[in-house]
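**Q** Handing you a structure now.
The values are calculated or read from the model by the stated rules, or taken from the named source; none is laboratory data. A quick note: this is a predicted structure, and the numbers were derived from the prediction, not measured. So basically every Cβ, Gly included, is an ideal-geometry build from the backbone, and we count neighbours across all protein chains shown. Calculation scope for accessible area: heavy atoms of the full protein, side chains included, ligands and nucleic acids excluded. Shrake-Rupley method; radii C 1.70, N 1.55, O 1.52, S 1.80 Å.
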Amino acid sequence: MTGRRGLLLALPAAWLALFCVVPFAIVATISLAESVLAQPPYTPLLDWSGGGLPAWRGGLANYGLLVEDGLYVGALASALAMALAGTAGALLLGYPMAYVIAMARPGGRAVLLMLVILPFWTALLIRVYAWIAILANDGLLNRLLSALGLIEAPLALLYTPFAVWLGIVYGYLPFMVLPLYATLVRLDPDLLEAAADLGCRPLAAFLRVTLPLSMPGVLAGSLLVFIPAAGEFVIPDLLGGPDTLLIANLMWLEFFTNRDWPLASALAVTLLALLVGPILLLQRARGDGA
Amino acid sequence: MTALEPASAVDIRAVSKSFAGVVAVDGVSLSLGRGEFFSLLGPSGSGKTTLLRILAGLDRPDAGRVLIDGIDMTDMAPYRRPVNLMFQSYALFPHLSVFDNVAFGLRREGLGRDTVRRRVADMLDLLEIGPLAARRPHQLSGGERQRVALARALAKQPSVLLLDEPLAALDRQLRARTQLELARLQRRVGITFILVTHDQEEAMTLSSRIAVMRAGRVVQVDTPRMLYERPASRYVAEFVGTANLFEGKVLGVAGGLIRVATSEGDMLVAADGTSPATGARVAVVVRPEKFRLGPVSAGARHNRVSGRVREVAYFGDHTVYRLQTAAGSAVRLARAHGDAAPPLAMDAAVEAWWPPESGVVLVE
C-alpha cells in the first residue's frame with residue numbers, strides 16, 4: 001500500500017524536478033556568471049585553471065545592473081502594471097460572464113462554457129494576428145467607425161499599450177471565467193433566497209452574499225491571469241509598440257539579440273521572485289479563509 | 001373584506017400555482033388567526049412547501065391573493081414582507097459568524113449599531129446560543145445550526161414566521177426536545193408560526209390547528225384532536241395516526257346510530273349529526289386504542305372482532321397487536337401498559353369490541 005502510494009507521489013515529484021527545479025537551477029546558475037563571446041556565451045562559475053581547489057567566479061553583478069539600469073526596472077514595472085490592468089479587465093468582463101453561465105439552465109451552461117473554451121482550439125498566435133487585422137489603421141474597427149461617421153481619421157489603436165491590454169484581457173479571459181464559474185455554480189441558491197427573505201434587494205444580496213462567497217474564485221482566476229500575463233511575450237510583441245517594452249520582450253532581446261544570457265537569466269529569476277511573493281501571500285489568505 | 005371583520009394574521013384566498021404544467025397548489029384558501037401555531041401537513045409533493053414559499057414571496061401564485069395583517073402581499077417582493085422563513089437547509093451564510101448571521105436582517109433595516117447588538121444578543125440569549133456568537137456555521141453541530149437559523153428568522157420580529165421542516169435534520173432525541181422548545185418559544189414571542197412538515201406526530205405535538213394537504217389541495221383543517229378523533233376522509237384517517245378501516249354498506253340510521261354491514265358483522269356507530277343514505281358504501285374508522293378486550297357484554301352483538309394475534313410490537317408505554325380475524329381482516333389494536341392485564345401472547349385468540357361513539361363513518 002505504502003509502496004504504491006510512494007510511487008504515485010514519486011511521479012509528480014520527478015516531473016517537477018526534471019522540468020521545473022532543474023531548469024530553474026540552470027537559469028539561476030547562469031544568472032551568476034559573466035557574459036562572454038564563446039560557446040556557451042557565459043563564464044563557468046568554477047575556475048579550475050589554478051590547480052587544486054577551484055576558484056569561485058560567480059557574482060551578483062547582473063542583478064546590480066538590473067537595479068541600476070532604469071530600462072529593466074521600468075520594463076519590470078510596466079509588465080506588472082500591464083498584468084494588473086489585464087487582470088482587472090478580465091475580472092470585470094469575466095465575472096458577469098461566469099455569473100450568467102452559472103445561473104443558466106444546465107443545458108445552456110454546457111453550450112456557454114463551450115463558447116468560452118472554443119478559442120483555445122486555435123493557436124494564440126493566430127488569434128493575436130486577428131487582432132492586428134481588427135485594430136490596424138485600415139483595420140475592421142476603424143473602417144466600421146468611419147463608415148458609421150463616428151471618426152474622421154483612423155484611430156491609432158494598434159502598437160499601443162491599449163492594444164496590448166486588450167490582447168491580454170482577450171487571451172486570458174477563459175482563465176478568469178472558468179474558476180469563477182466553478183465557484184458560482186456551487187453557490188447554494190437557498191442563500192440568495194435567505195438574503196431576500198431577510199430584506200436584501202437583489203443588488204444588496206449580490207454584494208453581501210454572492211460576491212464574498214465567490215472570492216476564492218476571484219483569487220484563483222486573478223492568479224491564473226496575472227502570473228502568465230506578467231511574463232507574456234507574444235501579445236506585447238505583436239500588438240505593442242516601442243513604448244510597450246515588457247519584461248518578457250526584454251528577456252528575449254537579451255537572450256537572442258544581445259546574447260547576454262547571464263543578464264537575461266537574472267531578469268528571469270527576478271520576475272519569478274517578484275511573482276512568488278504575492279502568490280504565497282494569497283495562498284495563505286485563502287488557507288485562512290477556508 | 002368589511003371593516004368590521006377582524007384582519008386575520010394570514011389570509012390565503014384561492015391560491016394556485018403550477019410548475020411547467022404540474023399543479024403544485026390547487027385553489028387553497030386558509031385563514032389564520034394571530035398568534036396561531038399552524039401546520040401544513042402532507043407527504044412530499046402535496047404542495048405544502050410551495051404554499052410556504054408563496055407566503056414568503058419566493059414563488060408567485062398563478063391565481064389567488066395572499067393577505068398578511070389584512071394587507072395584500074401577493075405582488076410584494078420577499079424583502080418587503082413582514083414575514084421570515086426558516087429554511088429546511090437552514091441556509092446560514094457560511095462566510096458570516098453566528099452573530100452576523102442573526103444581525104443580517106436587522107442591518108438591512110438600517111438600525112443603529114447598538115440596537116442591532118442588543119437585539120442580536122437578546123435573540124442569542126432566547127435560544128441559548130450566546131457563547132456561539134463568534135463561531136462560523138461550519139463549526140456548529142446540527143442542533144446549534146438549527147437554533148441559529150431560528151434566531152436569524154425571528155430577529156426581525158416578523159408578523160409571521162414560516163418554518164420549512166425545521167426539525168427534519170435533527171436526530172430523534174434532539175427533535176423531541178426541540179419540539180417542546182419550539183412550542184414554548186412560540187408562546188413566548190406570540191408570533192404566528194406556520195410550520196411545514198410531513199411528520200404527523202410533529203404537527204400534532206406543536207400545532208393549534210393543522211391543514212392536511214394532498215396533491216395541492218387542503219383536505220381538512222382542524223385541531224389535532226379533531227383530526228384524529230373525527231377525520232373527514234379516509235386519507236386523513238390514514239395519514240394522521242393509525243386507523244382500522246372496515247368497508248361496508250349503510251343499513252339505516254336509527255336512534256342516533258348508523259348501522260353498517262361489514263365483513264366483521266354489523267357495526268353501530270354514533271351518527272354525530274350525519275345521516276348517510278341507506279345503501280351508501282362507507283368505511284368505519286376505529287383507532288387501535290379504542291378497542292376493549294374481553295367477552296362482549298351480554299346482549300351486544302355489534303362492534304366486535306375476534307381473531308388471533310399475529311404480530312406484537314412493543315412501544316414501552318403501550319403495545320400494538322395485529323389480529324387476523326376469521327373473515328380475513330387485519331385489525332390493529334393498542335393496549336396501554338400499567339394496568340393489571342397481562343400482555344397478549346402470540347397466536348392467542350382474542351375477542352375485542354368498541355363502543356359506538358369511538359367509531360367514525362366515512363362516506364366513500
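**Q** Scan the range B:46-53 and tell me whether some residue there is in contact (Cβ under 8 Å) with a residue 40 or more places away in the chain, within 10 Å of another protein chain (Cβ to nearest Cβ) and open to solvent by less than 10 Å² (accessible area, probe 1.4 Å).
**A** no
**Q** Do we find a residue being assigned to a loop (DSSP other than H, G, I, E, B) and either closer than 20 Å to A:LEU180 by Cα or among the aromatic types (Phe, Trp, Tyr) (or both) anywhere in the range A:229-236?
**A** yes
**Q** If you scan the range B:7-45, which residues turn out to be among the polar types (S, T, N, Q), modelled with pLDDT under 95 and under 19 Å from the mean Cα position of the chain (by Cα)?
**A** B:SER44
**Q** Looking at the range B:99-111, can you tell me whether even one residue there is away from chain A (no Cβ under 14 Å), in contact with a helix residue (DSSP H, G or I) (Cβ under 7 Å, 6 or more places away or on another chain), crowded, with 17+ Cβ neighbours inside 10 Å and assigned to a helix (DSSP H, G or I)?
**A** Yes, the range B:99-111 contains a residue that is away from chain A (no Cβ under 14 Å), in contact with a helix residue (DSSP H, G or I) (Cβ under 7 Å, 6 or more places away or on another chain), crowded, with 17+ Cβ neighbours inside 10 Å and assigned to a helix (DSSP H, G or I).
**Q** Might you let me know whether the range A:212-219 holds any residue that is in a loop (DSSP other than H, G, I, E, B), closer than 30 Å to A:VAL100 by Cα and of a type in the set (S, T, N, Q)?
**A** Taking every residue of the range A:212-219 in turn, at least one turns out to be in a loop (DSSP other than H, G, I, E, B), closer than 30 Å to A:VAL100 by Cα and of a type in the set (S, T, N, Q).
**Q** Also, quick follow-up: Quick one: is B:GLN146 over 16 Å from B:PRO94 (Cα atoms) and of a type in the set (S, T, N, Q)?
**A** So B:GLN146 does not fit the description; no.
**Q** From the list B:VAL23, B:VAL28, which residue is assigned to a strand (DSSP E or B), open to solvent by 50 Å² or more (accessible area, probe 1.4 Å) and among the β-branched types (Val, Ile, Thr)?
**A** B:VAL23
**Q** If the requirement is being in a helix (DSSP H, G or I) and either within 14 Å of chain A (Cβ to nearest Cβ) or surrounded by 14 or more Cβ atoms within 10 Å (Cβ to Cβ) (or both), which of these qualifies: B:ARG135, B:ARG184, B:ARG175, B:ARG118?
**A** B:ARG175
**Q** Test A:ARG105 against the stated conditions and say whether it is open to solvent by 70 Å² or more (accessible area, probe 1.4 Å) and at pLDDT below 90.
**A** No; evaluated as a whole, the condition is false for this residue.
**Q** So the check is Cβ under 9 Å with 6+ separation or different chains; which pairs have a first residue in the range A:38-57 that's in a strand (DSSP E or B) and a second one that's loosely packed, with under 10 Cβ neighbours inside 10 Å?
**A** A:ALA55/A:SER49
**Q** Here are some conditions: (1) surrounded by fewer than 22 Cβ atoms within 10 Å (Cβ to Cβ); (2) touching a Ser or Thr at 6+ places or on another chain (Cβ under 9 Å); (3) among the hydroxyl-bearing types (Ser, Thr, Tyr). A:SER214 meets all but one. Which one does it not meet?
**A** Tallying (1) surrounded by fewer than 22 Cβ atoms within 10 Å (Cβ to Cβ); (2) touching a Ser or Thr at 6+ places or on another chain (Cβ under 9 Å); (3) among the hydroxyl-bearing types (Ser, Thr, Tyr), A:SER214 fails exactly one: (1).
**Q** Just give me the residues in the range B:69-98 being more than 12 Å from chain A (Cβ to nearest Cβ), touching a residue at least 12 places away in the same chain (Cβ under 8 Å) and among the β-branched types (Val, Ile, Thr), in sequence order.
**A** B:THR74, B:VAL98
**Q** Determine, yes or no, whether A:LEU158 is more than 14 Å from chain B (Cβ to nearest Cβ), hydrophobic (A, V, I, L, M, F, W, C) and within 17 Å of the chain's Cα centre (by Cα).
**A** Answer is no for this residue.
**Q** Follow-up question, since we're still on this one. Among the candidates A:LEU135, A:LEU141, single out the residue that is free of Cβ contacts under 8 Å to residues at least 40 places away in the same chain and under 28 Å from A:SER78 (Cβ atoms).
**A** None of the other options fit; the residue is A:LEU141.
**Q** Still on this model: Conditions: (1) in a strand (DSSP E or B); (2) within 27 Å of B:THR205 (Cβ to Cβ); (3) open to solvent by 10 Å² or more (accessible area, probe 1.4 Å). B:GLY35 meets all but one. Number of the miss?
**A** So the condition that B:GLY35 fails would be (1).
**Q** Any idea which of A:GLY241, A:GLY231, A:GLY221 is touching a Gly at 6+ places or on another chain (Cβ under 7 Å), closer than 24 Å to A:GLY89 by Cβ, open to solvent by less than 50 Å² (accessible area, probe 1.4 Å) and not aliphatic (A, V, I, L, M)?
**A** Answer to the check: A:GLY221.
**Q** Quick check on the range A:192-207: of everything there that is assigned to a loop (DSSP other than H, G, I, E, B) and among the hydrophobic types (A, V, I, L, M, F, W, C), which residue is farthest from the other protein chains (Cβ to nearest Cβ)?
**A** A:CYS200
**Q** Taking B:ASP26 as the residue in question, decide whether it is within 29 Å of B:PHE239 (Cα to Cα) and free of Cβ contacts under 8 Å to residues at least 60 places away in the same chain.
**A** So B:ASP26 fails the test.
**Q** For the range A:50-61, indicate whether the set of residues that are closer than 21 Å to A:ASP260 by Cα and open to solvent by less than 40 Å² (accessible area, probe 1.4 Å) is non-empty.
**A** Within the range A:50-61, one or more residues are closer than 21 Å to A:ASP260 by Cα and open to solvent by less than 40 Å² (accessible area, probe 1.4 Å).
**Q** Give the range B:56-68 a look and list any residue that's of a type outside the set (A, V, I, L, M) and more than 14 Å from chain A (Cβ to nearest Cβ), or say none.
**A** Scanning the range B:56-68 gives B:PRO61, B:ASP62, B:GLY64, B:ARG65.
**Q** Now for a separate question. Taking the range B:260-292, which residues are in contact (Cβ under 8 Å) with a residue 40 or more places away in the chain and open to solvent by 60 Å² or more (accessible area, probe 1.4 Å)?
**A** B:SER263, B:ASP272, B:THR274, B:ARG281, B:GLU289, B:ARG292
**Q** Out of the residues in the range B:141-165 that are out of contact with any strand residue (DSSP E or B) (no Cβ under 7 Å at 6 or more places or on another chain) and open to solvent by 20 Å² or more (accessible area, probe 1.4 Å), state the one that is farthest from the other protein chains (Cβ to nearest Cβ).
**A** B:SER141
**Q** Tell me yes or no: at least one residue of the range A:273-280 is buried (at least 19 other Cβ atoms within 10 Å of the Cβ), modelled with pLDDT of 85 or more and either at positive phi or not basic (Lys, Arg) (or both).
**A** Taking every residue of the range A:273-280 in turn, none turns out to be buried (at least 19 other Cβ atoms within 10 Å of the Cβ), modelled with pLDDT of 85 or more and either at positive phi or not basic (Lys, Arg) (or both).
**Q** Okay, moving on. Taking the options A:LEU92, A:LEU80, A:LEU84, name whichever one is closer than 30 Å to A:LEU192 by Cβ and in a helix (DSSP H, G or I).
**A** Just one listed residue meets the conditions, A:LEU92.
**Q** With respect to B:ALA215, determine if the residue is over 22 Å from B:GLY35 (Cα atoms), open to solvent by 20 Å² or more (accessible area, probe 1.4 Å), in contact (Cβ under 8 Å) with a residue 24 or more places away in the chain and in contact with a strand residue (DSSP E or B) (Cβ under 9 Å, 6 or more places away or on another chain).
**A** So B:ALA215 fits the description; yes.
**Q** Assess whether B:VAL196 counts as being open to solvent by less than 10 Å² (accessible area, probe 1.4 Å) and either closer than 28 Å to B:SER358 by Cβ or away from every other protein chain (no Cβ under 14 Å) (or both).
**A** yes
**Q** Going by the conditions given, is A:ARG109 touching a residue at least 40 places away in the same chain (Cβ under 8 Å) and out of contact with any Leu (no Cβ under 9 Å at 6 or more places or on another chain)?
**A** Considered against the rule, which asks whether it is touching a residue at least 40 places away in the same chain (Cβ under 8 Å) and out of contact with any Leu (no Cβ under 9 Å at 6 or more places or on another chain), A:ARG109 comes out as yes.
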